[in-house]
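I have placed the structure first, in the form of structure tokens, so that the comments after it can refer back to it.
The values are calculated or read from the model by the stated rules, or taken from the named source; none is laboratory data. All figures in this text were calculated on a predicted structure; none of them were measured in a lab. Cβ: placed from backbone, ideal geometry, glycine included. Neighbour counts: every protein chain shown.
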Protein chains: 2
Amino acid sequence: MSKKLHIVKVGGHLVNDETALQEVLAAFAKIDAPKLLVHGGGRHATALAKQLGITPQMVEGRRITDADMLDVAVMSYAGLANKKIVAQLQELGVNAIGLSGADGNCIEAVKRPVKDIDYGFVGDVVVVHADVFSTLAANHFVPVLCAITHNKEGQLLNTNADTIAAQVAIALSNTFDVKLFYCFEHAGVLHDISTPDKVMETLTEAQTHTFVAEGVIHQGMVPKLHNGFDALKNGVNEVIISNINALTNTNAPKTTLQ
Amino acid sequence: MSKKLHIVKVGGHLVNDETALQEVLAAFAKIDAPKLLVHGGGRHATALAKQLGITPQMVEGRRITDADMLDVAVMSYAGLANKKIVAQLQELGVNAIGLSGADGNCIEAVKRPVKDIDYGFVGDVVVVHADVFSTLAANHFVPVLCAITHNKEGQLLNTNADTIAAQVAIALSNTFDVKLFYCFEHAGVLHDISTPDKVMETLTEAQTHTFVAEGVIHQGMVPKLHNGFDALKNGVNEVIISNINALTNTNAPKTTLQ
């Protein structure tokens, strides 16, 4: 059996709320196994862009990352969010090291090819260099990854944090038993938002299709679930969607993908 | 004899000028020895603060880092500047990994004690954990350090990049033969700004005191020289003040501290 590795992705909602973030990091610190954190960015970048007079470009509900917006994302995700998280984890005794995909060339991406929409400086992950993470882990560092990658040609790229978490988990599943947590504000995938304590204990891909068609699962959950099932089908041992309670308490409510 | 290590500090002026930065990084990439880059921040943070309506607080010519200004510094130095440099070095085949002092807890600082002036969130370096840098170097990473540290109690701190370069150089001089370059826009310390090709080949601390008193050396150079002599007196093998030519050409004009 390989060594265990816990990969925890925390969403932007939790990152932007100081109290929520402290709780997340305290729970992450308590995980008694090799671990890696992936964090989203969230509203701070949007607020910063607004303050700087940059109008977020949206096409078909998708954000377009122009050069100015990329700078804002890099400042917000790789700068402020990443370093605050690293400093707080260090206080908690976790030997965190903050990374973008450019650092150590750990994640190479390609600027998303233009079909109908030019998304701008958005990166699709091409390769995760798992050896960078295993080298850091072997030297007792705990990687903290933000949602910025690069193309190895000098260009930084904005990349979806859920996808980064899944791709890193898949790449590391060759050498570790990987448990991937998508950690957000709810206890798991819900049957109904009005009963947030009624969590789907398990969820298959087929059920997901049905629930999405029936409107039980909200469209916003779909990319996360897509990434989760991708991870599960490609070597990741366990994929869990939950709030932070599931990080430290195996009996806490959660949704386990199957 | 120990293994050689080149530490190059590049100033904010070079970091903020895209062409100059490309030249610096190309020269840095050509250094055929273990190496480490420390970069300043410079005007971008000031411009960003202005855009965000933050008025830089100055007391006796020293910038005060309030909470808003710290966020700006973290975004600008640890975010935009650091990640752009890392991505460009990766393009040049240098396995750069960007770090603040919080990352891997490589540099611990303390909030500068308030005497006459409260400098705000400014950090004085307390300890450099040399093992973090040697571990990274042993694993073929090239650390790229920005001028942000932390206090190990969750607080990020703005720290002078020249001081970081000197303190890291001193800490690493126990295990490496360290050559420290302070790289800026001139070929070295000048006798006269109007004859920029007339460089002081060597400079002692006693000469520095005389030149400063005579107004030959500008006040702005004093902290850099102070850090340089501090490094030289505490185990660093060679301290050079120069432009980028001296990085790759041992015959290029430069000032060597003695």
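Please go through the range A:20-64 and give me each residue that is free of Cβ contacts under 8 Å to residues at least 24 places away in the same chain and within 14 Å of chain B (Cβ to nearest Cβ), ordered by number.
Scanning the range A:20-64 gives A:ALA47, A:ALA49, A:LYS50, A:GLN51, A:LEU52, A:GLY53, A:ILE54.
Filter the range B:86-107 down to residues that are surrounded by fewer than 24 Cβ atoms within 10 Å (Cβ to Cβ) and under 16 Å from the mean Cα position of the chain (by Cα), then give me how many there are.
Here the count works out to 0.
Failed condition for B:GLY11, given (1) buried (at least 17 other Cβ atoms within 10 Å of the Cβ); (2) within 12 Å of another protein chain (Cβ to nearest Cβ); (3) touching a residue at least 24 places away in the same chain (Cβ under 8 Å), with all others met?
If we test B:GLY11 against (1) buried (at least 17 other Cβ atoms within 10 Å of the Cβ); (2) within 12 Å of another protein chain (Cβ to nearest Cβ); (3) touching a residue at least 24 places away in the same chain (Cβ under 8 Å), just (2) comes out false.
Taking B:LYS115 and the conditions (1) within 22 Å of B:THR46 (Cβ to Cβ); (2) without any contact (Cβ under 8 Å) to a residue 12 or more places away in the chain, which numbered condition does it fall short on, given that it satisfies the others?
(1)
Quick one: in the range B:228-249, of everything that is of a type in the set (A, V, I, L, M, F, W, C) and in a helix (DSSP H, G or I), which residue is surrounded by the fewest Cβ atoms within 10 Å (Cβ to Cβ)?
The selected residue is B:PHE229.
With (1) closer than 22 Å to A:ASP66 by Cβ; (2) surrounded by fewer than 22 Cβ atoms within 10 Å (Cβ to Cβ); (3) at pLDDT 95 or above; (4) more than 9 Å from chain B (Cβ to nearest Cβ) as the list, and A:ASP131 as the residue in question, which single condition is left unmet?
The one condition A:ASP131 does not meet is (1).
Quick one: B:GLY123 ticks every box in (1) more than 9 Å from chain A (Cβ to nearest Cβ); (2) closer than 14 Å to B:ASN160 by Cα; (3) touching a residue at least 40 places away in the same chain (Cβ under 8 Å) bar one, so which box is it?
B:GLY123 satisfies all of (1) more than 9 Å from chain A (Cβ to nearest Cβ); (2) closer than 14 Å to B:ASN160 by Cα; (3) touching a residue at least 40 places away in the same chain (Cβ under 8 Å) except (3).
What's the number of the condition A:LEU225 fails, among (1) touching a helix residue (DSSP H, G or I) at 6+ places or on another chain (Cβ under 7 Å); (2) surrounded by fewer than 18 Cβ atoms within 10 Å (Cβ to Cβ)?
(2)
When you go through A:LYS233, A:LYS198 one by one, which is the residue that is of a type in the set (Lys, Arg) and either touching a Lys or Arg at 6+ places or on another chain (Cβ under 7 Å) or at pLDDT 95 or above (or both)?
Working: A:LYS198 fails: either touching a Lys or Arg at 6+ places or on another chain (Cβ under 7 Å) or at pLDDT 95 or above (or both).
Answer to the selection: A:LYS233.
Could you grab me the full set of residues in the range B:43-65 that are modelled with pLDDT under 75 and part of a loop (DSSP other than H, G, I, E, B)? Give the steps one after another, and end with the answer.
Of the residues in the range B:43-65, the ones modelled with pLDDT under 75 are B:60-62.
The answer is B:GLU60, B:GLY61.
What's the total number of residues in the range B:79-95 that are more than 7 Å from every other protein chain (Cβ to nearest Cβ), aliphatic (A, V, I, L, M) and over 15 Å from A:LEU80 (Cα atoms)?
Selection size over the range B:79-95: 4.
Quick check: anything in the range B:205-212 in a helix (DSSP H, G or I), surrounded by fewer than 15 Cβ atoms within 10 Å (Cβ to Cβ), among the polar types (S, T, N, Q) and without any contact (Cβ under 8 Å) to a residue 12 or more places away in the chain?
The answer is yes, given that some residue of the range B:205-212 is in a helix (DSSP H, G or I), surrounded by fewer than 15 Cβ atoms within 10 Å (Cβ to Cβ), among the polar types (S, T, N, Q) and without any contact (Cβ under 8 Å) to a residue 12 or more places away in the chain.
When the range A:25-44 is examined, which residues are found to be surrounded by fewer than 19 Cβ atoms within 10 Å (Cβ to Cβ), within 14 Å of A:LEU247 (Cβ to Cβ) and basic (Lys, Arg)?
The one that is surrounded by fewer than 19 Cβ atoms within 10 Å (Cβ to Cβ), within 14 Å of A:LEU247 (Cβ to Cβ) and basic (Lys, Arg): A:LYS30.
Please count how many residues of the range B:228-258 are out of contact with any Cys (no Cβ under 7 Å at 6 or more places or on another chain), polar (S, T, N, Q) and within 18 Å of B:GLU185 (Cα to Cα).
Total meeting the criteria: 7.
Is it fair to say A:ALA252 is outside any strand (DSSP E or B) and surrounded by 18 or more Cβ atoms within 10 Å (Cβ to Cβ)?
Working: outside any strand (DSSP E or B): yes; surrounded by 18 or more Cβ atoms within 10 Å (Cβ to Cβ): no.
Spelling it out, it is not the case that A:ALA252 is outside any strand (DSSP E or B) and surrounded by 18 or more Cβ atoms within 10 Å (Cβ to Cβ).
Kindly indicate whether B:GLY98 is under 23 Å from B:ASN151 (Cβ atoms) and away from every other protein chain (no Cβ under 13 Å).
So B:GLY98 fails the test.
Residues in the range B:184-194: is at least one surrounded by 23 or more Cβ atoms within 10 Å (Cβ to Cβ), of a type in the set (A, V, I, L, M) and under 19 Å from B:SER242 (Cβ atoms)?
Checked the range B:184-194: at least one residue is surrounded by 23 or more Cβ atoms within 10 Å (Cβ to Cβ), of a type in the set (A, V, I, L, M) and under 19 Å from B:SER242 (Cβ atoms).
Taking the conditions exactly as written (acidic (Asp, Glu) and touching a Ser or Thr at 6+ places or on another chain (Cβ under 8 Å)), does A:ASP124 satisfy them or not?
Criteria met by A:ASP124.
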